[in-house]
Ligand SMILES: NC(=O)c1ccc[n+]([C@@H]2O[C@H](COP(=O)([O-])OP(=O)(O)OC[C@H]3O[C@@H](n4cnc5c(N)ncnc54)[C@H](OP(=O)(O)O)[C@@H]3O)[C@@H](O)[C@H]2O)c1
């Protein structure tokens with residue numbers, strides 16, 4: 001697959017390198033030409049033979065899938081005419097900044113991913129890769145795969161969720177389908193949870209989130225759920 005990295009920072013460089021090593025065609029874009037060239041060289045040095053470098057706009061034109069890691073900046077400011085992205089899958093890995101390192105977040109009415117979708121109405125925005133630190137991708141991919149770290153994926157386009165799920169598997173992650181893009185409102189706070197664990201609680205960048213479905217208890221010890229009046233009214237809707 002042709003992947004354009006718009007914003008070759010830490011996440012763009014490392015995920016782009018990992019995808020290139022997997023065999024994808026990756027084009028690193030940056031506003032500083034040398035940054036993109038360095039990332040492409042790093043990818044090629046690790047076996048990502050086809051890695052290329054240029055401007056953010058060239059990356060946007062190149063990719064079938066775009067990795068957009070420029071946080072909360074409109075694509076028009078970054079690539080100019082956004083019709084270059086029409087019809088494409090645009091991955092949003094962004095998290096809100098941690099206010100003064102204190103994890104004291106203001107309430108969020110619209111997720112970063114929904115905001116990106118309003119800026120790019122003709123694209124298929126997919127929320128993903130915001131719930132783990134870049135360091136995980138330094139691990140050999142099969143070692144990472146064995147850990148079954150979750151990649152939460154939200155988008156209004158089911159086929160775009162499938163595309164990103166495949167790209168997540170290529171990196172050694174376990175995709176978790178989170179449904180429509182509105183659910184980025186619950187995926188982005190998971191980015192806050194993991195950053196709190198990494199930074200606030202001091203677990204470090206190899207802390208990770210994994211969804212597990214456990215075997216049901218063979219014999220319920222405590223009688224299970226009791227049908228309270230509230231539960232009877234709301235259980236059908238997951239209240
Ligand atoms: N790093 C992680 O472990 C991690 C994990 C999960 C999610 N995330 C999220 O992913 C996003 C990127 O994180 P990061 O660590 O990769 O940050 P980063 O290293 O600071 O990279 C940000 C990129 O955005 C570019 N950029 C910023 N403002 C721009 C503008 N006005 N025009 C064009 N380019 C601009 C930067 O370009 P310059 O270099 O030229 O400034 C850089 O390439 C953030 O939202 C972060 O919360 C990060």
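Where a number appears in this text, it was derived from the coordinates with a stated rule and is not lab data. Owing to the predicted nature of the structure, the values given are computational and were not obtained by experimental measurement. Glycine gets a Cβ as well: all are built from the backbone with ideal geometry, and neighbour counts include every protein chain shown.
Starting with the fewest neighbours, write out 65, 213, 108 ranked by other beta-carbon atoms found within 10 Å of each beta-carbon.
Sorted ascending by nearby Cβ count, the order is 213, 108, 65.
Between 176, 98, 126, which gets the highest mean-square fluctuation from a Gaussian network model of the chain, Cα cutoff 10 Å?
Looking only at 176, 98, 126, the biggest GNM fluctuation is shown by 98.
On a full-extension model of 0.36 nm per residue, what is the gain between residue 210 and residue 159, subtracting their alpha-carbon distance, rounded to one decimal in nm? Write out the running numbers ahead of the final one.
On the way: separation 51, 0.36 × 51 = 18.36 nm, distance 2.33 nm.
Full extension of this stretch gives 16.0 nm more.
For the pair residue 45 and residue 108, what calculated FRET efficiency results from E = 1/(1 + (r/R0)^6), where r is the Cβ-Cβ distance and R0 = 41 Å, to the nearest 0.05?
So the FRET efficiency works out to roughly 0.55.
So what is the calculated 222 nm ellipticity per residue for the chain, using -39500 (n - 2.57) for each DSSP H run with n of 4 or more, over all residues, to the nearest 500 deg cm²/dmol?
Working: 9 runs with 84 residues, N = 239.
That calculation yields -10000 deg cm²/dmol at 222 nm.
Can you tell me the orientation of helix 33-45 relative to the chain, as the angle in degrees between its alpha-carbon axis and the longest Cα principal axis, to the nearest 10?
70
Calculate how many DSSP beta bridges within the stretch 2-213 are antiparallel, expressed in % of all such bridges and rounded to the nearest 5.
Approximately 5 percent, going by the DSSP bridge assignments.
Taking other Cβ within 10 Å of each residue's Cβ, how do 88, 127, 210, 2 sort, fewest first? It would help to have the intermediate numbers written out before the result.
Details: 88 20, 127 31, 210 11, 2 15.
Ordered from fewest to most neighbouring Cβ atoms within 10 Å, 88, 127, 210, 2 come out as 210, 2, 88, 127.
Kindly express, to the nearest 10 degrees and within the range 0 to 90, the angle between helix 158-170's C-alpha long axis and the longest C-alpha principal axis of the chain.
80
Compute the angle between helix 10-22 and the longest alpha-carbon principal axis of the chain, please, reported from 0 to 90 degrees and rounded to the nearest 10.
Long axis of 10-22 versus the principal axis of the chain: about 80 degrees.
Select from 76, 39, 113 the residue whose mean-square fluctuation is largest in a Gaussian network model of the chain (Cα-Cα springs shorter than 10 Å).
76
Can you give the relative contact order of the stretch 143-239 as a percent, counting alpha carbon pairs under 8 Å and 6+ residues apart?
The normalised contact order for the stretch 143-239 reaches 25 percent.
Build a GNM of the chain with springs between Cα atoms under 10 Å: which of 153, 186, 14 gets the top mean-square fluctuation?
Its mean-square fluctuation being the largest, the pick is 186.
Let me test this: with uniform point scatterers at the alpha carbons of the chain, what is the Debye-based log₁₀ I(q)/I(0) at q = 0.08, 0.15 1/Å?
-0.33, -1.03
Separation of the stretch 54-102 and the stretch 150-189 by C-alpha centroid, Å?
17
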